[in-house]
Amino acid sequence: MSSIGFFQFDNLIRNRVPFCLLNFSDSQTSLYTSIYKLHLENWESLVNLENYQQVLAEKNLPKDFAIVTLCLDGSLSAQARDVLLSLGYGNVYWCEGGTKDWPKKAE
């Protein structure tokens, strides 16, 4: 199913794993502070359904680079994940349930 939850997402951030974050909701950027916020901002792109494919193409990432899609309730990110898989990206994950139920602060 290629879905991840808050704890898997948090693990990516805290361990500073490189991945492309396609964020369909800007609500997540305030969750982290300090070094974690810098890591997140380095890999995050705020996108919408009209531009996320173009934003990803401009990054010129290999098709096997890790991509995480994120939105408020999980619906947009699941839809985007399906499209990206059909375009040949092989390492795509969506944040199941979105950010609506995530903690207000991770640190």
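Only the coordinates and a few stated rules stand behind these numbers; no lab work does. Computed from a predicted structure; not experimentally measured. Ideal geometry is used to build each Cβ from the backbone, glycine not excepted, and the neighbour counts take in all protein chains shown.
In deg cm²/dmol and to the nearest 500, what is the mean residue ellipticity at 222 nm of the chain if only DSSP H runs of at least 4 residues count, each as -39500 (n - 2.57), divided by the residue total? Don't jump to the answer; show the numbers that get you there.
On the way: 4 runs with 39 residues, N = 107.
Per the formula, -10500 deg cm²/dmol.
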Please give every one of the lysines within straight-line cross-link reach of Lys100, meaning a C-alpha to C-alpha distance under 18 Å, and leave out same-chain neighbours fewer than 8 residues apart.
-> none
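Once you have a ≥ b ≥ c as the square roots of the Cα gyration tensor eigenvalues for the chain, tell me rounded if a/c is under 1.5, and otherwise prolate or oblate according to whether a/b is larger than b/c.
Working: a/c = 1.62, a/b = 1.36, b/c = 1.19.
Prolate, because a/c is 1.5 or more and a/b exceeds b/c.
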In degrees rounded to 10, the 0-90 angle between helix 75-86 Cα long axis and the longest Cα principal axis of the chain is 40
Have a look at Val55, Gly90, Ser45 and report the one farthest towards the positive end of the charge dipole of the stretch 31-107, computed about the Cα centre with Cβ charges (Lys/Arg +1, Asp/Glu -1).
-> Ser45
